[in-house]
Amino acid sequence: MNSPMIQLLVLAGIAVFLILRLKNALGTREGFEKSPELDAKSKKPSGPAFEVIEGGPDLDITDHAPEGSETAIALADMKRVEPSFGVNDFLGGARGAYEMIVMGYEQGNLDDIKPFLSEEIYESFVDGVAAREDQGLDVESHFIGIREMELDSASMDNSTNEAELTIRFVSEMTSVVKDKDGNVVEGSPTEVNRQKDTWVFSRIMGSDDPNWLLVSTDG
């Protein structure tokens with residue numbers, strides 16, 4: 001066997017050896033195999049998909065009225081005219097106003113609460129206090145607190161921007177009425193009475209006057 005033939009056989013043996021070593025290192029691929037990069041991209045998370053929604057409902061409104069209801073639409077109109085308006089802020093103010101107005105009437109201190117009353121309500125309070133005084137009656141009341149409070153309805157006149165909010169209150173207080181001699185005519189200083197009121201507050205949205213006026217006191 002001549003030298004060129006021997007060299008050819010040696011090279012062929014080396015080639016077979018390298019092919020076998022490469023096959024053992026890389027394995028055998030059958031058919032189409034995705035690259036690791038493509039395979040990773042094709043995998044989807046197994047958990048629930050979350051859609052990102054921009055905006056969304058105004059919780060300051062939907063916490064107090066069903067979305068899409070007449071009340072919710074009216075509240076949205078109020079915010080459109082006066083962006084600083086907040087339902088939660090209003091309800092916080094209404095809670096304090098309720099106690100102040102109730103006790104102002106009970107104690108006859110109408111001057112303190114007049115800025116928060118419509119003219120009609122103020123005149124009715126004046127008549128009520130005057131009637132007590134004419135009979136020589138004195139009222140002693142103690143406000144315990146508001147047990148329940150909720151927004152009942154809202155309306156907005158878009159032509160005048162006049163808004164109305166109807167609030168339901170359930171409060172507790174003690175009240176006793178005495179005559180000019182100090183005799184108890186009605187009530188008790190220790191008996192707790194539960195009082196239910198439905199009040200309507202009104203205001204022109206966007207006006208410089210920040211006060212809401214009490215325009216109705218249906219019990």
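The values are calculated or read from the model by the stated rules, or taken from the named source; none is laboratory data. The structure displayed is predicted, hence computed values, not measured ones. When we count neighbours, we look across all protein chains shown, and the Cβ atoms used for this are built from the backbone with ideal geometry, even at glycine.
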Mind checking which residues of region 108-119 are crowded, with 17+ Cβ neighbours inside 10 Å and free of Cβ contacts under 8 Å to residues at least 60 places away in the same chain?
I113
Mind listing whichever residues of region 68-104 are in a helix (DSSP H, G or I) and in contact with a Gly (Cβ under 7 Å, 6 or more places away or on another chain)?
V81
Is region 177-185 home to any residue that is in contact (Cβ under 8 Å) with a residue 40 or more places away in the chain and surrounded by 15 or more Cβ atoms within 10 Å (Cβ to Cβ)?
yes
Run down E164, E172, E191, E140 and say which single residue is under 22 Å from E99 (Cβ atoms) and surrounded by fewer than 14 Cβ atoms within 10 Å (Cβ to Cβ).
E191
Which of the residues that make up region 197-210 are surrounded by 12 or more Cβ atoms within 10 Å (Cβ to Cβ) and either of a type in the set (K, R) or part of a loop (DSSP other than H, G, I, E, B) (or both)?
R203, M205, G206, S207
(1) modelled with pLDDT of 95 or more; (2) outside any loop (DSSP other than H, G, I, E, B); (3) small (G, A, S) all hold for A40 apart from (1)
Reported set for region 145-159 where residues are loosely packed, with under 14 Cβ neighbours inside 10 Å, more than 19 Å from S69 (Cβ to Cβ) and either in contact with a strand residue (DSSP E or B) (Cβ under 7 Å, 6 or more places away or on another chain) or of a type in the set (A, V, I, L, M, F, W, C) (or both) is G145, R147, E148
Which condition from (1) part of a loop (DSSP other than H, G, I, E, B); (2) on the phi < 0 side of the Ramachandran plot; (3) in contact (Cβ under 8 Å) with a residue 40 or more places away in the chain; (4) over 30 Å from the mean Cα position of the chain (by Cα) is the one that V192 breaks?
(1)
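Would you point out the residue of region 80-95, among those that are in contact with a helix residue (DSSP H, G or I) (Cβ under 8 Å, 6 or more places away or on another chain) and free of Cβ contacts under 8 Å to residues at least 60 places away in the same chain, that is surrounded by the most Cβ atoms within 10 Å (Cβ to Cβ)?
Residues of region 80-95 that are in contact with a helix residue (DSSP H, G or I) (Cβ under 8 Å, 6 or more places away or on another chain), as a first pass: 85-88.
If we keep only those that are free of Cβ contacts under 8 Å to residues at least 60 places away in the same chain too, we end up with 86, 88.
Working: G86: 17, N88: 12.
The residue in question is G86.
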Which condition number in (1) in contact with a strand residue (DSSP E or B) (Cβ under 9 Å, 6 or more places away or on another chain); (2) at pLDDT below 55 is the one that A65 fails?
(2)
Among residues of region 154-176, those that are assigned to a loop (DSSP other than H, G, I, E, B) and in contact (Cβ under 8 Å) with a residue 12 or more places away in the chain, counted:
3
Tell me the residue from Y98, Y122, Y105 that is out of contact with any strand residue (DSSP E or B) (no Cβ under 7 Å at 6 or more places or on another chain) and in contact (Cβ under 8 Å) with a residue 24 or more places away in the chain, please.
Y105
